[in-house]
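**Student:** Once you've had a glance at the structure underneath, I'll fire off some questions.
The values are calculated or read from the model by the stated rules, or taken from the named source; none is laboratory data. In this text the structure is predicted, and so the values were computed from the model without any measurement. With ideal geometry, Cβ positions are generated from the backbone for all residues, glycine too; neighbour counts draw on all protein chains shown. Accessible surface is based on the protein model in full, side chains and every heavy atom, while ligands, DNA and RNA are left aside. Shrake-Rupley method; radii C 1.70, N 1.55, O 1.52, S 1.80 Å.
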Amino acid sequence: MSLKLQFQSLSYQSHAVQQVIDLFVGQPHSQGDFVIQSQLLSGSYTEQGFGNNILLDSDTILQNLYSAQTSFNQLKREQYSLNLDPDSVPGLLDVSSSLDNKDYGDITNFSVEMETGTGKTYVYLKTIYELHKTYGFNKFIIIVPSVAIREGTWKSLSITREHFEKEYDLTMMKAMVYDSKRMSMLRDFATTNDLRIMITTIDAINKDSNLFNRSHDRMNGLIPRELVQGTKPFVIIDEPQSVDNTAIAKNAIKNLHPSCILRYSATHKELYHPVYRLTPVDAYDMGLVKKIEVISALTEQNANQAFVRLEKLIVGKTQHKAELSIDIEGKQGVERKKIRVSVGDDLFSLSNYREHYRDGYYVSSIDNSPGFECVEFSNGGVVQLEQSNDAMQQELIRSMIADTIREHFDKERSLKAKGIKVLSLFFLDKVANYRLYGDDGYELGDYAKMFEEEYTRISQMPQYKDVIPYTADQVHNGYFSADKKGKGKDKKEIWKDTNGSTQKDDETYNLIMKDKERLLDINEPLRFIFSHSALREGWDNPNVFQICTLRETQNVTSKRQEIGRGLRLPVNQQGERVIDSSVAKLTVIANEHYEDFAKKLQEEIETETGISFANRIKNGKKKQIATFDKQKMLTDENFKELRKRIRAKTRYQVQFDTDKLIASTAKRIQEELPKINPPKIDSKKASLQMGAEGVTAELRNSRTYINSARTIDVPDILGWLQSKTFLTKATLLEILKQSSRLRDVLTNPQMFLDEVLKIILNELTTYMVDGIKYIKTGDYYDQLQFEQTEISGYLEDNLIPVHKSLYSHIAIDSKIETQFAKDLDSHEAIKFYLKLPYWFTIETPIGAYNPDWAIVLENDSKIYFVAETKGVEGLFDGLRGGEKKKIQCGKAHFAVIEEVDFKQVVNVKDIIL
């Protein structure tokens, strides 16, 4: 049975979706939950077909945008300490004062920023379904930068459909990849009144020569673009920095006549009205992506030869220059420095007369021919661009391959029991380093030979015996672009070097995407993947745990792109995402100091986001794995007694006073429900001017229409709210009656229901948590899970040695936890304690809760505690509202567990007293 990926909507993803939905609060729904009998519907019919129709005027959308941005910023501020200046909180949105859309005129753009690996595609697909469900919008076009990403998006649509069908009615939904040879699909997109999603590359629609922009007989002389224009689609731009980065591309998108443009990327170049932001720092600190560690592989003290590396060429009109790295004699010894040389320069003198350069190191030629850039010396030696003559280079490559294989075996050994397949990824600069072609076929290149030799050696080590039951030749393969040579039985594929942006690279990417599930299957031997020029948007696999770049250059691509190929959280054999910080770690094997790698990544993130990423990259060679004391687990009476008291699992029931819920919710609706405005239509008149700059539009006048004479069939308000809240209709009716705001529904039903629902759900959550009660289920946490939990970290950062626990070290998350653990270990009254692992969770109405500590205290008698150290000193107001409610549920859970006290504490004194 093949692996099948499972999906779940995480809270931050739902938040990103809701931020977009809230932009259209007040927009009537055209079909589905209820229908407004009026000409002012979200779905409109044009001569070409059915399309979207935004009825909100620009003032209302701007107000909705303001509310969405300010509420996001307020939530962001609540996530940080009270001592932090609210205006200095990182990751805030710039609040828009107008709907200026730069080059797009009246077409409103909104931006969503999500770090690589956090589910950007999932979010915009869910946003499409939610916009259709909430407002009846039914025509959507997803524009991507390449064929490769188009295929990846199509696959995401396919594999998430079953998941989304549990929440949305997708019976009549159809998705299509735009194909100029199948215009009947485009006609269906335009003329049906059901949900339609079209995926296209920007290159398929941005040229006059595209069939999309030309009339032809198959459509009775109609231009395909005109069909799309009539639908006024919502346009989703995936990676806009690579899609609408030219005036031609922007015009092509404007020519679709979009109702709205939604932009999704981790690295926006132009930020239009941001509504959601999940920065690299947010994703990293929240555990939404893998943690990063770096293993440095460098040649040290290798000054025993005439070292030369060609860094770059400086092309001139009359002569070329070259920038070289060479070893120079200095007062403190040999230093490696960069110099610039011309033809005729002597490295012997430029190196301060270093003896190794005495003979034959005059620069005889500098060649700038594309693909053959090099410098030649008088001794006949040639150094190519971004390469060196370092005799240790081959040994360095071998050591990097060996480091990657060892890391892979370590991870596979620890994750095998959890059903997690481990993948390692090598990137090359030349296919020939992996595979060589000749007239009689192909043979292994130098790097492939090194790999098989090192794999065979390492796999035979005692600690790795039987970890991977496959031979060296079975576990590795390459994904490269290929040319087909010959005919018939002589036909064969020859892999080619490419730059990552050609059609051949698209073919490579497609192959990798089609193999995604197979690569994740633990029974598939392939574990080590060699590839070339695939570091770009869209290339990743969740179970890549090691990335090794076997290039002589250290500046091929950005660090964010490099780590982005393996940032996603891994999945197990059930296809479920594994959210466990002890598992989710990406190791980068780099030909540079880990401090330099971290510095470059930090600089990139600060340049692109303005947010510090300091102190988050770790030295992989300093990683330490905690030792588990199995004997203590079996014999220590303190552990056995503590485990016996905390092992019970529970389920919860909720009870609350309905009359109080009605009264408080009605009061909040009465006081907090904003003014409900009627739907409006904006009409704008502009004159077109033609000149050297092309066609431009100049606004002449604008009007806003409010059709006060329209008739409205009052929707089933109680039925709709009941489906969203699960309260009885009688309760909901009483809430609305007591609020004295029920008549507002006649002004704008959808806006009224949207706003009322938010207040009801907020108040209902508070009452559910306040009225929660737990009951033991008779099930228990398994003791073996302690033995199977691996703890690893860094002694200088998040790992501290301890003595009174099951492990030699514990991983900590904050300064408060660090001091708390040290005090627990040193205090005489504390006999034993545990940092409770990730799997020890308590179910609550708002998600799983993982308490911090389990402690045994002995003064006159033994007392057993579960302690929570989240918060700020003296106060717990620094916690988010959701975290406070979870802790409140934790108290209720432990209230039914005999002889265990639950406490919120800052230090050990809070327990002793």
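**Student:** If you place +1 on the Cβ of every Lys and Arg and -1 on the Cβ of every Asp and Glu, how big does the dipole about the Cα centre of region 205-285 come out, in debye to the nearest 20?
**Tutor:** Result for region 205-285 is approximately 320 debye, rounded to the nearest 20.
**Student:** Over region 153-282, with every protein chain in place, what whole percent of the accessible area is carbon and sulfur at 1.4 Å, could you tell me? Walk me through the intermediate numbers first.
**Tutor:** On the way: 2370 of 5210 Å².
Summing carbon and sulfur atoms, their accessible area is 45 percent of the total for region 153-282.
**Student:** Continuing with this model, one more query. In region 539-677, carbon and sulfur make up what percent of the accessible area (probe 1.4 Å)?
**Tutor:** The C+S portion of the solvent-accessible surface of region 539-677 is 43 percent.
**Student:** For region 376-418, what is the accessible area per residue in Å², given a 1.4 Å probe and the full set of protein chains? Don't skip to the answer; put the middle values down first.
**Tutor:** Numbers: 1800 Å² over 43 residues.
That works out to 42 Å² for each residue.
**Student:** Residue by residue through region 660-677, what is 3J(HN,Hα) from phi via Karplus (6.51 cos²θ - 1.76 cosθ + 1.60, θ = phi - 60°)? Round to whole Hz and write x for glycine and proline.
**Tutor:** Using θ = phi - 60°, the values come out as 5, 4, 4, 5, 5, 5, 4, 5, 5, 4, 4, 8, 10, 5, x, 4, 8, 9 Hz.
**Student:** Quick check on my link table: of LYS76/LYS290; LYS815/LYS862; LYS155/LYS618; LYS321/LYS599, which ones sit more than 32 Å apart, alpha carbon to alpha carbon?
**Tutor:** Result: LYS155/LYS618 exceed 32 Å.
**Student:** Residue-wise, which Karplus ³J(HN,Hα) couplings in Hz belong to region 262-274, taking 6.51 cos²θ - 1.76 cosθ + 1.60, θ = phi - 60°, and x for glycine or proline?
**Tutor:** After applying 6.51 cos²θ - 1.76 cosθ + 1.60, I find 10, 10, 10, 6, 8, 9, 5, 8, 10, 9, 9, 6, x Hz.
**Student:** Around ALA266, which amide H atoms from residues at least 5 apart in sequence, or from another chain, sit under 5 Å from its own amide H, with H modelled in the peptide plane?
**Tutor:** When sequence neighbours closer than 5 places are left aside, the close amide H contacts are MET114.
**Student:** For region 139-198, report the accessible area per residue in Å² (1.4 Å probe, heavy atoms, rounded to an integer).
**Tutor:** 43
**Student:** Report the accessible area of LYS618, computed with a 1.4 Å probe over the heavy atoms of all protein chains in place, in Å² rounded to the nearest 10.
**Tutor:** Accessible area, nearest 10 Å²: 30 Å².
**Student:** Amide H neighbours of ARG309 under 5 Å, at least 5 residues apart or on other chains, H built in the peptide plane: list them.
**Tutor:** SER325
**Student:** Now, a different point. Give me the lysines in straight-line cross-link reach of LYS207: C-alpha distance below 24 Å, same-chain residues under 8 apart excluded.
**Tutor:** LYS102, LYS139, LYS181, LYS232, LYS250, LYS254, LYS269, LYS504
**Student:** Let me ask something else about it. With θ set to phi - 60°, apply the Karplus curve 6.51 cos²θ - 1.76 cosθ + 1.60 along region 16-28 and write out the HN-Hα couplings as whole Hz, x wherever there is a Gly or Pro.
**Tutor:** So the Karplus estimates, Gly and Pro as x, are 4, 5, 5, 4, 6, 4, 5, 5, 10, 4, x, 6, x Hz.
**Student:** For a quick check: with amide H placed at 1.01 Å from N, whose amide H comes under 5 Å from LEU836's, ignoring anything fewer than 5 positions away on the same chain?
**Tutor:** Correct list: TRP853, ALA854.
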